[in-house]
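We did not get these values from a lab; they are worked out from the coordinates using the rules stated. For clarity, every value in this text was computed on a predicted model and none was experimentally measured. Glycine gets a Cβ as well: all are built from the backbone with ideal geometry, and neighbour counts include every protein chain shown.
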Number of protein chains: 2
Amino acid sequence: MRLTNYTDYALRVLIYLTAKEQDQLSTISEIAEAYDISKNHLMKVIHELGKLGIITTIRGRGGGIKLALPPEDINIGALVRETEDDFKLVPCFEEGNHSCAISPICGLKHALNKALIAYLQVLDQYTLADIVVQPDRYRALLGMNQSHL
Amino acid sequence: MRLTNYTDYALRVLIYLTAKEQDQLSTISEIAEAYDISKNHLMKVIHELGKLGIITTIRGRGGGIKLALPPEDINIGALVRETEDDFKLVPCFEEGNHSCAISPICGLKHALNKALIAYLQVLDQYTLADIVVQPDRYRALLGMNQSHL
């Protein structure tokens, strides 16, 4: 059982932006470098987070991205619901997939759906502010303070 | 978020064996055909279910497999814990994977772990008997009665 890379990257970007000193902008390049992940993958994620209204992009020289909302207002469950847009726990959850013979009556779907709801309800209890409780420790690990040295 | 094919196949095999008329044996070939899935993939799953003591193999001519326990005693949560042996919700859950810079302090791991526990606790409430409540309907969809025509 695995979340998509897409969700993983979205969460990491938001953690990065939460850890950043207030009002400072971040660039895709610095986030890609801090996590050692591909800039191309990040660009798609950041575009989507912008469309969702979770981050803001300031264009032009000296531009960059930042959170569009306080970390307290960015809910992890809500975010995962957006980024894991399908939740295909098993192949028969895919719309139009009738490849499993017992799909019309299978009692497993109900059980897996209930389990998924319980999973998301736990994540609903967390905001980004609950995840990043000591921003300075994140800043140190993400190499954010190096430019001030 | 997706269960592995391995778990999906294990659950389908067990549903098949639960639906079967009491004491009748099933063959890998007939299960593969009923679900239209590869016999090779099924063999590995069935071997594993045997090792776990959930199914019994009767060897020789006229042999086959059947449940080793009543369906009431085969718990879905316990099974998924066995078949999803890793539960790597995100890459940093992998032992020895230190590729994410914030891994040592990341508050997300705790939240995802709690969510996973809630997910499995729901599945713990189900046995195979709860999933296959009307075996005759499963038999019809799985083409099990055709040989009696």
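Applying 1/(1 + (r/R0)^6) with R0 = 41 Å to the Cβ-Cβ distance of B:Ser38 and A:Gln121, what FRET efficiency is obtained, to the nearest 0.05?
0.70
What does the copy distance list look like for A:Arg61, label position 7 Å along Cα→Cβ, in nm and ordered from shortest?
From this label point to the equivalent ones elsewhere in the assembly: 9.0 nm.
Please give the calculated 222 nm ellipticity per residue for chain A, where each DSSP H segment of at least 4 residues contributes -39500 (n - 2.57) and the sum is spread over every residue; nearest 500 deg cm²/dmol?
-14000 deg cm²/dmol
Just to confirm the numbers: A:His47, label point 7 angstrom along the Cα-Cβ line, distances to the other copies in nm, shortest first?
Here A:His47 shows inter-copy label distances of 4.4 nm.
Let me know the number of lysine pairs in chain B closer than 29 Å at the Cα, not counting same-chain pairs under 8 apart.
13
To the nearest 20 debye, what is the magnitude of the charge dipole of chain B about its Cα centre, counting +1 on the Cβ of each Lys and Arg and -1 on the Cβ of each Asp and Glu?
200 debye
Assign one of three labels to segment A:75-126, namely rounded, prolate or oblate, based on the Cα gyration tensor with a ≥ b ≥ c the square roots of its eigenvalues; rounded applies when a/c is under 1.5, prolate when it is not and a/b is larger than b/c, and oblate otherwise.
oblate
When a/c is below 1.5 the answer is rounded, else prolate if a/b is larger than b/c, else oblate, so apply that to segment B:43-122 with a ≥ b ≥ c taken from the square roots of the Cα gyration tensor eigenvalues.
oblate
Counting only Cα, what are the radius of gyration and maximum Cα-Cα distance Dmax of chain B, in Å?
According to the Cα coordinates of chain B, Rg and Dmax are 18.2, 64 Å.
Would you mind getting me the FRET efficiency between B:Thr57 and A:Ser103? Use the beta-carbon distance for r and R0 = 35 Å, nearest 0.05.
Efficiency at R0 = 35 Å is approximately 0.80.
Roughly how many debye, to the nearest 20, is the charge dipole of segment B:75-126 about its Cα centre, given +1 on each Lys and Arg Cβ, -1 on each Asp and Glu Cβ, and no other charges? Intermediate results must be reported in sequence, preceding the final value.
Details: 4 positive and 7 negative charges, 55 e Å.
The dipole magnitude comes to about 260 debye.
Measuring from label point to label point, each 7 Å out along Cα→Cβ, what is the B:Leu25 to B:Leu141 span in nm?
Using points 7 Å along Cα→Cβ, the separation is 2.8 nm.
Give the average, rounded to an integer, of partner chain Cβ atoms located within 10 angstrom of each Cβ in A:120-133. Working shown, then result.
Numbers: counts 4, 2, 9, 6, 1, 3, 7, 0, 2, 1, 4, 7, 5, 2.
Per-residue shielding by partner chains comes out at 4.
To one decimal in nm, how far is A:Gly143 from the same spot in the other copies, if labels go 7 Å from Cα toward Cβ? Please give the shortest first.
For A:Gly143, the other copies' label points sit at 5.8 nm, shortest first.
Treating only the Cβ atoms of Lys and Arg (+1) and Asp and Glu (-1) as charged, compute the dipole magnitude of the protein assembly as shown about its Cα centre; round to the nearest 20 debye.
The calculated dipole for the protein assembly as shown is roughly 400 debye.
I need the P(r) histogram for the protein assembly as shown: all alpha carbon pairs, bin width 5 Å from 0 out to the longest distance, whole percents.
1, 5, 11, 14, 15, 12, 9, 8, 7, 7, 5, 3, 2, 1, 0, 0, 0
Give me the net charge of A:Lys20's neighbourhood, meaning all other residues with Cβ under 12 Å from the Cβ of A:Lys20; Lys, Arg count +1, Asp, Glu -1.
Value of the local net charge: -2.
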